[in-house]
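Please treat every number below as a calculation from the coordinates, not as lab data. Nothing here was measured: the structure is a model prediction, and the numbers come from that model. Backbone-built Cβ (ideal geometry, glycine too); neighbour counts: all protein chains shown.
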């Protein structure tokens, strides 16, 4: 956390440091993908959205494979 938040932004005072850490924690828990949770954010895992996210990924992968196969047939 220190490497990715505090050292990256060089806060000017304690209040600024707290703001930076709060923003980092919010990003870490809601946006950042974690390999240990199957590349989903911890908040999504906590509220049980992993099945929905994995299904959407599988659908996108399937669509991409179909598009590639169709493109090969026309080439």
Gain in span if fully extended, residue 22 to residue 34, counting 0.36 nm per residue against the direct Cα distance: 2.5 nm
Computed FRET value (nearest 0.05) for residue 8 with residue 47, which takes r as the C-beta separation and R₀ as 30 Å: 0.55
Over the chain: Rg over Rh, Cα atoms, Kirkwood Rh: 1.26
Degrees separating the helix 14-30 axis from the principal Cα axis of the chain, which is the longest one: 20 degrees
0 to 90° range, to nearest 10: angle between helix 50-74 axis and the chain longest Cα axis: 40 degrees
The chain: relative contact order in percent, alpha carbon pairs under 8 Å with at least 6 residues between: 15 percent
